[in-house]
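Enquirer: Pasting a structure here, questions to come.
The values are calculated or read from the model by the stated rules, or taken from the named source; none is laboratory data. Since the structure is predicted, the reported quantities are computational estimates derived from the model, not experimental observations. Note: ideal-geometry Cβ built from the backbone for every residue, glycine included; neighbour counts use all protein chains shown. Quick note on the areas: whole protein, heavy atoms, side chains included, nothing else; ligands and nucleic acids left out. Shrake-Rupley method; radii C 1.70, N 1.55, O 1.52, S 1.80 Å.
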Amino acid sequence: IAFEYNLRNVLAALNSQKYRLPVEQKILQLDGEESELLLINTTADFGLSKYYDWINDVSQYYTELDAYSLERKLCKLRLKKIDEFLEFNYFGVDRLLAYWWRLHLVERFLTFQPAAGEKAFQEIISNLSSTADLLRAFKH
């Protein structure tokens, strides 16, 4: 859970930097120094490389990859971290939850299909257009 929380905070900070949004509204500040560094540090790794061994990879993925490739790399990173967490944990609830999370990630990974994404995007645009037409009709 801590890894996912930290990863999402880093991704929120990267998005805030990229789109010049106020980072304070995007970062969950549940831990101490790490969250603070995301708020004040503007370097590529936010000064977090001493805390997270994965930060430089994520920063590079974010700047170099398209959305599809980024999501694939992030899924693989999550799977790697699950394996690291379970390295010496052979039995118990943690193992079951990790198995469930792994299945969830694989299912998510399998749903990444560019053609299906394009179709869903076109449906959203079409729905927005028809909603706008409906609103115009009510105005007149």
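Enquirer: Conditions: (1) under 29 Å from Pro22 (Cα atoms); (2) open to solvent by 70 Å² or more (accessible area, probe 1.4 Å); (3) part of a helix (DSSP H, G or I). Glu107 meets all but one. Number of the miss?
Expert: So the condition that Glu107 fails would be (1).
Enquirer: Need pairs with beta-carbon distance below 6 Å; first residue closer than 19 Å to Tyr5 by Cα and modelled with pLDDT of 85 or more and within region 79-107, second of a type in the set (D, E, K, R) and surrounded by 11 or more Cβ atoms within 10 Å (Cβ to Cβ); sequence gap 6+ or separate chains.
Expert: So the pair list comes out as Ile82/Arg102.
Enquirer: Give the residues of region 57-104 that are open to solvent by 80 Å² or more (accessible area, probe 1.4 Å), closer than 25 Å to Thr43 by Cα and of a type in the set (Asp, Glu), sorted by residue number.
Expert: Glu64, Asp66, listed by residue number.
Enquirer: Taking region 1-17, which residues are in contact (Cβ under 8 Å) with a residue 40 or more places away in the chain and open to solvent by 20 Å² or more (accessible area, probe 1.4 Å)? Step through it out loud before you land on a result.
Expert: At the first step, the residues of region 1-17 found to be in contact (Cβ under 8 Å) with a residue 40 or more places away in the chain are 3-4, 6-7, 10-11, 14.
Residues satisfying the conditions are Phe3, Glu4, Asn6, Leu11.
Enquirer: Here's another thing I want to ask about it. Just one of the numbered conditions (1) part of a helix (DSSP H, G or I); (2) closer than 26 Å to Glu107 by Cα; (3) of a type outside the set (Phe, Trp, Tyr) is not true of Glu24; which one?
Expert: The one condition Glu24 does not meet is (2).
Here's the yes/no breakdown for (1) more than 18 Å from Tyr61 (Cβ to Cβ); (2) touching a His at 6+ places or on another chain (Cβ under 6 Å); (3) part of a loop (DSSP other than H, G, I, E, B):
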residue	(1), (2), (3)
Asn9	no, no, no
Ala12	no, no, no
Lys18	no, no, no
Leu28	yes, no, yes
Asp31	yes, no, yes
Ser35	yes, no, no
Leu39	yes, no, no
Ala44	no, no, yes
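Enquirer: Another question about this same structure. Would you check if there is a residue in region 23-44 being surrounded by 17 or more Cβ atoms within 10 Å (Cβ to Cβ), at pLDDT 90 or above and under 14 Å from the mean Cα position of the chain (by Cα)?
Expert: No, because not a single residue in region 23-44 is surrounded by 17 or more Cβ atoms within 10 Å (Cβ to Cβ), at pLDDT 90 or above and under 14 Å from the mean Cα position of the chain (by Cα).
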